[in-house]
Structures are given as C-alpha cells and as structure tokens.
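Chemist: Okay, here's the structure, questions in a sec.
Taken together, the values in this text are just the output of simple stated rules run on the coordinates, not laboratory data. As the structure is a prediction and not an experimental result, all values here were calculated from the model. All Cβ positions, glycine included, derive from the backbone under ideal geometry; neighbour counts span all protein chains shown.
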Amino acid sequence: MKRYSWILLLLAFALCGQDAVAQRMTTVQGRVVNSKKNKAGKAMMPFTDEAVFVYIFNTIADAQDNLSKIDGAQGAAVVECNFAVCDQSGNYECQVPDNGALIFKVGMAPAKLEKVDGRNIINMALEGEIMLANIDVVAYVQEIQPKPKAAERIGNKFFPYNTFPIPPHNGRPNARLIIQPFIIDCTNDDTVNYCKPIVLDGQDYHDTQYRLMGFNWKHDPLYPYIQRRRLTAERMSIDWADTITIPHPDRNYSCYATIQMEDFTSIFFKKDFQIVTCHNRQPMRFLEYKFDMRPLDPYKYKEVAKREKRNTSAAIQLTFEVGKATLDPNNPENEQNIAALQNKLKELAAGEGVSIKEFHITGTASPEGIYKSNIDLAKKRVDFVQQQITSILPKYVLARVYQNPQAIVNGWAKVADAMEADEQEEIAEKIRGVIKNTKNMDIQGATIAKMEEYPEIQKYLPVLRSVKYDCKYEIFRELSPEEIWARYTEEQQTGVERKYALYEYWNLFMLEKDSVKLEKLYKRAYDESIELNGQPWILAANNLAISYLKRDTCDVTLLEPFIDRRMKHVNMVRKNIDGFTTRTINPEEVVNNQLCMYIKAYDFDNASVMAQILPNTPENQLMKAFALCLGGYYKSDKQVFETVKNSSPVNEVVMDLALDTKAGNAMAAKAAQKLDPESPVTWYLKAIIANRGGDMGYIDATQNLKKCFSMDEKYIKIAETDGDLDEDMVASTIDEYLEEKKMTAELNAQMEEQRKAEEAEAAKKAAEEAAAAAELEAAQKALEEEAAKKKAAEEAAAKKAPARKAPVKRTTTAKKK
Amino acid sequence: MICINKRLLTALMMIVLFGIGAKAQLLAVKTNALYWAGLSPNASIEMVTKSRISVEVGAFGNNKPYGYDLKMTGFQPQVKYWFNGRPMTREFVGLGIIGATYHWDEHGINHKGDALGLGLTFGYALKITPRINVEFTAGAGQIYFHELRKTYDDDKWTTNPDVEKAETLTGMVDEDKYGDHYQGWNFMPFNLGVHFVYILK
C-alpha cells in the first residue's frame, strides 16, 4: 500500500494542478424567475419590476468573499466585477470561467451563489420578496387638483396621460362630471387639439338625462364619451390617456383640462388645470438612423418616345455666270451645294415618315443691262435649279409639294448696300444719287455704267446673280438624346423654359449631372406628367423624392399615389383596364422611399404602415425596424427592438432607456460605458441614466450634463424641456454651468491680461536693451571712426616719415552686446 | 251651476291636452294605487311642458266599492312645478282642481251631488328605472259641494211638504225634488296617493 501511496499523491497533485490550470471561458445562458407569486398571482415568472443582476466571478472563493457585500446592498455598483442584467423575459447571457461562480441578486432579496461547474445553462429561481406595487403616497385633499405629468412623445405622436383624483363629496349621483383635456403648443400657447372628453354620470343624472333626451341618446352629444363608471359621492380616481397627432414635432406640447361638474340645474364646479407639463419625454430623440434611399431602375420605367411632326428647313445658295443660266464655274461651292441638295432631297424622299411640304426657289439676276432680259435670265436660272430638283424626286412626291418659284432682278440699291457694307461709302452714295434721279432701271444701269468707278462696282455684281432655295419638310420622328440635350442647353442659355415630352425628360435625367438642375427637371417632369396624364410619372416622382430626402426636405404626397395600403405586398403586377398593359402596385423602392419620407416628416404612424408593406428581406430589415421602432412598436415586437438595439452603441442605450424599467436602466448604464466619450450625446444619455437613479444619481447627472453642455451648448435647450430629466436638476445645472463658464472666461481673461502685461514688460525690457546696445554700438562706431581717422592721419604721417611705425590701437568687441 | 262647471272643466282639459300638450317633452301614464285600494279605477296622463313644469289630467270612478252604496266619477287636472330642474324627478308642488259627481247612501240619508275643489299637493317622484317612477303625493284643498240629501223611512222618501203638495197638484213625481239641497265648503285632504308612473316617451 505504501508503495503506491506516492503514486496516489502524485495523481492527486496532477489532478489538482490540472484543475487550477484548466480555466476555460464558457458562455452561460439561463433564465431567472421569481419563485414567489407576482402581482398577477403567478409564480415562476420573470421579475418585471426589479433589475436582476448576475455577477460574474472567476473563482468560487472570490464569489464567496463578495457574497456578503452583494447581499447587503442594492444596485449594480457594489463590487468591482463584471455583471449581466436579465432582460424583460428574465434571460441572461454571460462569459464566465467554467469553474467560476455566479451570484444572482434581485432587489433586496438575499443573493444566491451558484457554481458554474462547466454548465452552459443555469436557470435560477429566486425568492423575490412580495413585490409591492409602486406606492404613491397620496395625501387626500378635499379639492380636485390633478398633478401635472411629463408625457412621452414619439415623432408626431403625443401620449398625454394623467389620473384625476376626485375627492369624496365632490361627486353626486345627480351630477355629471366632464373632463375636457386639450393640447397646448408650448411655444405660442395656442390650443392645438381637443382630446376626447371623459364624462362620468351619476346614476340619477344618467337616467333622467335619458328621459330628457326623449329616450334617445343620440340627442346627447356627450353620450359617446359617457363612461360605464358612475359618479358617486365616494372618492374616485379617473385614469386618462390619449394619443394625439401633433402638427410640429419640433415643438413641445402640454395638456390642460377643464374639469366641470353640473347637476340638474347648474354647473357647480368648473376649473382649468395643467395636467401635462411642457417637458415632453422623447425616448427616441437620440436614435441614430440613416436613410437607405432606393432609386428605380430607369430602364424599367422608360417612357415610350412619342413621334412628333417637326418642321425643318434646308437652304442653299448658288451663283451663276454673267448673262447665263449656268452655274459659275469659278465658284467650286456651287457643285458641292447642288450635290448636297440633291443628296438631301433623295434622303428626305426615301426617309420614313418624312414629307416634303414646300419649295421656295428664288432666282435673282444682277441689275446691269436691260431689265427685261434680266428677268428672263432670273427665270431661266430658277428653271435650272427646279430641273435639278425634279430630276431626282419621284413624281408622287413632287405632286404633294407646294412650289413657289420666283424670279427677281436685284436693284442697284442692293449693290449700294453691299458696297456700303464694304466701306465704299462714296460710291454707294453716288449709286444712291442715281437711283434717286430716275426710277427706270435701264437708265439707272446706263448711268452707272458710265461712272468712273464702274469696274469697282462690277466686282459686286456676281453675288447678286444667284438662286436661293428653301425647302420645308415635316419629319415624323423622335428626337435623339443629342438633340434633346442641345435643346436643353439652349434653354439653359436663353432662360426660357419649354415643355418636353416625358421621354425627353427621361433622356435629360440620364444626361444632366448637376443635382440642383436635376431636381428641377424631376419637378418639371412630375408636374407635367400630372398635367398630361392626370397622374404623376413614377420615375420622376421617385427621383424627386430621393432628391428631396437628400437635402432634408419632405413631401409625403409625392409617392402616395403609387402605394395601395390595402395590399400588404410589394411589386404587385396588375392588369390595366385595357387587359393588355400592366402596372406595378407598391414598387418596393417606392414603398421604401415613402417610408423614409414619413420618418423625415415625423409621421411614424404612416412609416410603420409602409414598414408593414415591405417584405422581410435582409436589406429591408433595418429600415423596417427603425420605422416600427419609431412608431412605438418596439415594446411589443422583440425582433424590432433587438434589430434597432444592435444597430449602434447609441441606439443600444436609447432602446434600453426606452423600456423605462429598472432592468432597462441597468442595461443602459452598462451599454453607455461603450459609448464614445468625445460625443456630447454620450454624456447627455449618461445624465438621463443617472437622473433615473433618483437622488443618488443627482451629482452624476449634474456632472454629465455639464460635460455635455461644454461639448455642445445646443443641448442646454434640449435639456430645458426634456421630460426625461428632472426639471430642478436641469435648472440648477444650467445655472452652475453658466456660472462656471463665466468664471473660466474671467480666469482666462485675467490670465490673458497677465500674459499681455508680461509680454509688454518683456517688450519694454527688450526695447531698453536694444536702445542700450544701439548706444553702445554708436559709441563704438564713433571710436572706430576716430581710430580710423587717427590711423589715416598716422599713415599720412608715415608716408611722410615711413621710418616711423604706426601704433596699433585695438578695440574689443566683448563689450558689445 | 254644475253644467257651467262641467263645461269649464272640459275646456280646461282641452287646453291641457292640445294646447299646452303640443310642447310636451315627456308623456307619462300613471295610476294611483291608493285609489285602487279603494276599488276606484283611475288613470291619468302627465305631460311635461317646460323644463320645470308638467301638467297632469286624470279621471277616476267607482261603483259600490266594498259594498258601500257609493258611486262617484270625477277628474283631477293638476299643474306641477318641479323644484330641481328636471321634470318627473324628485320634489314637486302641484296646484290641482278636483271635479266629481257622487251619489251615496249612508245611515238612511241619500247624498247626490257635485263637488269642485282647489288643492295644493306636495310630492316626491322616486325614479325606479329610466321609464318607471313611483310618486308619493299628499295635499289639502278647499272643496265646494252641492248636493241633495234625502232621507227615507220604511222605503219611503221623506220630503218636504212643498214638493208633495206640488206633486199632488201636478200629478207628476219628480224624484229630484225630494230631499233638501245642501251646499258648502269643506277643507279636506287632497290628492293623496301612491302613483305608479310609466313614461311613454
């Protein structure tokens, strides 16, 4: 036996050592429930009114050491260790060494230590003390006096609530109590909305009122609001809550109520009370989200180009030989022009949807010579060109063309004009003189031909021998993007707006790159589509919506026509009445963008409706969750809550705070440790968390708020009207902050003054020193000069007497400063 | 005298029913349980004409209740003022008229005559359900009566000698002429009752 004992010993050591070394971290999950009955009378349910803390210890011994500490206190920050907090359904999850221990603690109940022992699931039933409901100690007053409350607000929804205590002997069986709450805008004291009234009838009043109304309750306008409860002389307390849509989500609102009691003959009580303060609680105010705007595929919503008749014209000019109906061979442009004209005409005649409407050919002759022969010449020239045209155009085309050939002789006045334009004013003046003398062109020509300057004049004549051709045709076609763009740029230059067809807008959407101009285009296309089709064009509307969203503007009417709220699906394809074409109802992109739009408009109710239409795809998940969360569905929908919570560290804190429970607050406190300390929101949220800790958190809340204010003073204004922060605490904090700021500023000013004084002194000293140095230098210079003079004198003397040695005088520079 | 009274009462009733009645807000039928206890069937209609005022018209009659040799018919209009602003609820005061013709035998004296009186009633309407009330009333009034009293012995009318003389002269028997005419004022309880009220509309 002894032989083996050392082996056993070794084995024992080995095992122990292994035990000490093998500390693996494992994830432990579990659920903590209350073994006693809760308020609803059910046992083994999660704790709802108390935060359940799970403290994590690496070793059992450590846990045992801390057990008594934890047992004696309430709240989280008693021991320096990690902890987890159970969620609403009592679940927790934590990382703990597999041989560590957990201590469970809820409220004032004794803490419970549980060894992990390598388990992954540790469920726990704690003996919660009998939970007393939150007790409001009410000193019963004899008068009706409701206490103002801080109401919650989410987006454009305001949730005023209160309890109206009716002390004994105020009510009577033969009386009616009417409570009429109304909402007041805190910025201008305007009445915004009347809430639903509460009407409580005494039994006698109720029955006789029924008689008075002729046994028809429809005659009593207040009947819909009469509660089942009857007014008696006993003490009563009437709970009231309402949901109001408010017009300006950026303002705060309060609520007043007129309380009135009347019996058969008279109103015996009437008073107004403030029942909700201007300090609104906005749990979702700091929620971080960004919009995921989705454009529509433009190729899916491309408008079919509509062909239109367009008037177009082409013109050429040909010059001719003198006295002949043949083209001027010296001008090479003539041949080119004729060829171009013929090609163009061929093209037009062959082109689809083109119809040539009019030819205008005007042949002109120059004025020299006899007028009659000139006219004949002009006619011949016209015929020449006409023949050129008719030779290539088919007969059926020609038959439908209005032709208007004209032959004219250009007068000498034209020559004069041309010369004047060429700065030959003198000759032009002379020609004009001739024209004035006689109207006969033949005489004019003869006179001018005799003039000295005639050779000069002759140079201008060939231009006048020409044929002008003008063709008008209609093209039935769509514009190319380049043409559309050209028109658009022309419009941009001239500033005169014109109308475009929708497909032209479509092209412009693709071509224009400037966002401001694009938005204008979207708006024009949107307006014009309504004018044209009676309903907006989905692509323009969606693009416009995205453009608005990008610059924080909202208009919820833009996309509404494309959404059918009765359909809880997206991208539904429906046949139109014609039975052939289809349209898409609730395009996913549009529903998504409308959701964003509603969020921007603070209309979270409608945003939630949009969220319900959107399918549960991964890309929609976050946007849907935000909409539903802002719409207030986070309390009922766990998935929404978790999705939003996990989207960012700030959102995690915001969502935990929104739960408004002790457990939520504890989780928020934990999550807040991870926030960026450089952001003012962090400190604001921390202030809210501290504030919720009651009096204990007062100092923390004050400190956090001050830190937040010092980072960004806009939070002062937010805090002033925030129902999540204690009013008095905020007021004193702001005072303190401003005081401190003032003091710091004074201190800084003092220091600055001191610094300036020191600087001035230093400058003065420096100036003095500089002056002294300058003086010294001057003295030195004088000395040097004197020495130089002396030297010069000596040298001169030495020249005279070279045998004599000049004495050397040295000046030191050491004195110089 | 009595004829005039009857006409007057009819007129009053007409006014109540059609004149003022047109403005009625509530219309109720009611009956007095105390009268029924006296085996006197009775019924009345009550109409609310203003928020504090209602008008009631009723009739009653009986014939030999409990073997008494009594026969009576009459009617009882009344105007009520309701104190608390809601008609047919709680306290009221009423001013009423009673008109009746009666005929009864007692201790060998036969009474036959008419009565007309004015009385003040106080009452309380107790609401049982929105449509049913129980109304307690009591009052007093001054009542004028005018009757013929005849006494008889051994089934023979004892009359005054003048009438007998006249009868023998004319040979006609006018029973009404027998007996003595009496008239006078009586101060007596008025409109005692426990009424069951059903509000029609």
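Chemist: Report, as an integer, the average count of C-beta atoms from other chains found within 10 Å of each Cβ along B:84-93.
Modeler: Working: counts 6, 7, 11, 4, 3, 8, 4, 0, 0, 0.
For this peptide, the per-residue mean of nearby foreign Cβ atoms is 4.
Chemist: What order, most packed first, do the peptides A:756-764, A:178-186, A:258-266 have when packing is the mean number of other Cβ atoms within 10 Å of each residue? Could you put the intermediate results ahead of the total?
Modeler: Numbers: A:756-764: 10.0, A:178-186: 20.4, A:258-266: 17.4.
Answer by packing, highest mean first, reads A:178-186, A:258-266, A:756-764.
Chemist: Continuing with the same structure: Using the crude model of +1 on Lys and Arg Cβ and -1 on Asp and Glu Cβ, and no other charge, please compute the dipole size for the range A:152-276 relative to its Cα centre, in debye to 20.
Modeler: Working: 14 positive and 15 negative charges, 63 e Å.
Computed charge dipole of the range A:152-276: roughly 300 debye.
Chemist: So for each of A:735-741, A:574-580 I average, over its residues, the number of other beta carbons within 10 Å; can you give me the resulting order with the highest mean first? Before the final figure, lay out the partial values.
Modeler: Details: A:735-741: 13.4, A:574-580: 8.1.
Averaged packing, sorted descending, gives the order A:735-741, A:574-580.
Chemist: Dividing the convex hull volume of the alpha carbon atoms of the range A:20-126 by its residue count, what do you get in Å³ per residue?
Modeler: Working: hull volume 8.9 nm³, N = 107.
Considering the Cα atoms of the range A:20-126, their hull volume per residue is 83 Å³.
Chemist: Within 15 Å, Cβ to Cβ, of A:Ser254, how many net charges do the neighbouring residues add up to if Lys/Arg are +1 and Asp/Glu are -1? If you can, show how the numbers build up before the last one.
Modeler: Numbers: positive: A:Lys147, A:Lys149, A:Arg153, A:Arg251, A:Arg281; negative: A:Glu152, A:Asp185, A:Asp189, A:Asp190, A:Asp242, A:Asp272, A:Glu720, A:Asp722, A:Glu727.
Local charge sum for A:Ser254: -4.
Chemist: Quick one: the Cα spread of the range A:479-553 along its three principal axes, in angstroms, biggest first?
Modeler: Here the Cα extents, ordered largest to smallest, are 31, 27, 20 Å.
Chemist: Quick check of the Kirkwood formula: for the range A:152-276, what is the inverse mean of 1/r over all pairs of different Cα atoms, in Å?
Modeler: Numbers: mean 1/r = 0.0644 Å⁻¹.
Taking every pair of different Cα atoms in the range A:152-276, averaging 1/r and inverting gives 15.5 Å.
Chemist: A follow-up question, please. Taking the dipole about the Cα centre of chain A, with the C-beta of Lys and Arg at +1 and of Asp and Glu at -1, give me whichever of A:Thr48, A:Leu464, A:Gln29 is farthest to the positive side.
Modeler: A:Leu464
Chemist: How big is the range A:308-477 by Rg and Dmax over its Cα atoms, in Å?
Modeler: Values for the range A:308-477 (Cα only, Rg and Dmax): 18.7, 59 Å.
Chemist: Moving to a separate point now. How about the range A:672-727: which trypsin sites (Lys or Arg not before Pro) there are in a DSSP loop, with at most 12 other Cβ atoms within 10 Å of their Cβ? Walk me through the numbers before you get to the answer.
Modeler: Numbers: sites: A:Lys674, A:Lys686, A:Arg692, A:Lys706, A:Lys707, A:Lys714, A:Lys717; in loops: A:Lys674.
Qualifying residues, ordered by number: A:Lys674.
Chemist: May I have the pair-distance distribution P(r) for the range A:648-757, computed from all Cα-Cα distances with 10 Å bins from 0 and rounded to whole percent?
Modeler: Binned Cα distances yield the sequence 15, 42, 26, 11, 5, 1.
Chemist: Of A:Pro181, A:Gly171, A:Pro221, which is farthest towards the positive pole of the range A:134-223's charge dipole, taken about the Cα centre with +1 and -1 on the beta-carbons of Lys, Arg and Asp, Glu respectively?
Modeler: The residue sitting farthest along the positive end of the dipole is A:Pro221.
Chemist: Note the direction-averaged projected area, equal to a quarter of the hull surface, for the Cα convex hull of the protein assembly as shown, in nm². All intermediate terms of the calculation are to be shown ahead of the outcome.
Modeler: Numbers: hull surface 514.7 nm².
If you wrap the Cα atoms of the protein assembly as shown in a convex hull and average its projections, you get 128.7 nm².
Chemist: Just the number, please: Stokes-Einstein D of the range A:693-765 in µm²/s, Kirkwood Rh from C-alpha pairs, 4 °C, 1.567 mPa s.
Modeler: Details: Rh = 14.3 Å.
D = 91 µm²/s.
Chemist: Taking a threshold of 30 Å on the Cα-Cα distance, which of the pairs A:Lys568/A:Lys645; A:Lys302/A:Lys638; A:Lys517/A:Lys600; A:Lys290/A:Lys638 fall above it?
Modeler: Values: A:Lys568/A:Lys645 26 Å; A:Lys302/A:Lys638 42 Å; A:Lys517/A:Lys600 23 Å; A:Lys290/A:Lys638 21 Å.
Exceeds cut-off: A:Lys302/A:Lys638.
Chemist: Treating cross-link reach as a plain straight distance, find the aspartates and glutamates whose alpha-carbon is under 12 Å from the alpha-carbon of A:Lys196, omitting any fewer than eight places away in the same chain.
Modeler: Straight-distance partners of A:Lys196: A:Asp242.
Chemist: Now for a separate question. Rounded, prolate or oblate: which one fits the range A:564-634, using the alpha carbon gyration tensor with axes a ≥ b ≥ c (rounded when a/c is under 1.5, else prolate when a/b beats b/c, else oblate)? Each step should come with its number before you reach the end.
Modeler: Working: a/c = 2.81, a/b = 2.21, b/c = 1.27.
Prolate, because a/c is 1.5 or more and a/b exceeds b/c.
Chemist: Also, I was wondering about something else. Can you run the Rg to Rh ratio on the range A:222-265? Use alpha carbon positions and the Kirkwood inverse-distance Rh. If you can, show how the numbers build up before the last one.
Modeler: Numbers: Rg = 15.3 Å, Rh = 14.4 Å.
Over the Cα atoms of the range A:222-265, Rg/Rh equals 1.07.
Chemist: Just to confirm a number: summing +1 for Lys and Arg and -1 for Asp and Glu over residues other than A:Thr744 whose beta-carbon lies under 13 angstrom from that of A:Thr744, what do you get? Walk me through the numbers before you get to the answer.
Modeler: Values: positive: A:Lys706, A:Lys741, A:Lys742; negative: A:Glu736, A:Glu739, A:Glu740, A:Glu746, A:Glu752.
Local net charge: -2.
Chemist: Next question, about the same structure. Just need the relative contact order of chain A here, percent rounded to a whole number, with Cα pairs under 8 Å and 6+ apart. Don't jump to the answer; show the numbers that get you there.
Modeler: Values: 1313 pairs, mean separation 78.6, N = 817.
Reported relative contact order: 10 percent.
Chemist: What 222 nm value per residue comes from the helices of the protein assembly as shown, counting each DSSP H run with n ≥ 4 as -39,500 (n - 2.57) and dividing by all residues, nearest 500 deg cm²/dmol?
Modeler: On the way: 28 runs with 386 residues, N = 1018.
Calculated at 222 nm, the ellipticity per residue is -12000 deg cm²/dmol.
Chemist: What dipole magnitude, in Debye to the nearest 20, does the protein assembly as shown give about its Cα centre under +1 on Lys/Arg Cβ and -1 on Asp/Glu Cβ?
Modeler: Computed charge dipole of the protein assembly as shown: roughly 1860 debye.
Chemist: In addition: Identify the trypsin sites (Lys or Arg not before Pro) of the range A:438-545 meeting these criteria: DSSP loop state and at most 14 other C-beta atoms within 10 Å of the C-beta. Present the calculation step by step, with values, prior to reporting the outcome.
Modeler: Numbers: sites: A:Lys439, A:Lys450, A:Lys459, A:Arg465, A:Lys468, A:Lys472, A:Arg477, A:Arg487, A:Arg498, A:Lys499, A:Lys513, A:Lys517, A:Lys520, A:Lys523, A:Arg524; in loops: A:Lys439, A:Lys459, A:Arg465, A:Arg498, A:Lys499, A:Lys513.
For trypsin sites (Lys or Arg not before Pro) across the range A:438-545 that sit outside H, G, I, E and B with at most 14 neighbouring Cβ atoms in 10 Å, the list reads A:Lys439, A:Lys459, A:Arg498, A:Lys499, A:Lys513.
Chemist: Taking the range A:522-670 as the region of interest, what is the percent of Cα-Cα pairs per 5 angstrom bin, listed from the shortest bin to the one with the maximum distance?
Modeler: The calculated distribution, bin by bin, is 2, 10, 16, 18, 17, 13, 9, 6, 4, 2, 2, 1, 0.
Chemist: From the cross-link list A:Lys344/A:Lys372; A:Lys157/A:Lys300; B:Lys30/B:Lys64; A:Lys149/A:Lys742; A:Lys42/A:Lys635, which pairs have alpha carbons spaced over 26 Å apart?
Modeler: Working: A:Lys344/A:Lys372 34 Å; A:Lys157/A:Lys300 38 Å; B:Lys30/B:Lys64 23 Å; A:Lys149/A:Lys742 34 Å; A:Lys42/A:Lys635 22 Å.
Beyond 26 Å: A:Lys344/A:Lys372; A:Lys157/A:Lys300; A:Lys149/A:Lys742.
Chemist: Moving on to the next point. Identify, among A:Tyr684, A:Ile716, A:Ala672, the residue whose Cα sits farthest towards the positive end of the charge dipole of the range A:626-741, taking +1 on the Cβ of Lys and Arg and -1 on the Cβ of Asp and Glu, with the dipole about the Cα centre.
Modeler: A:Ala672
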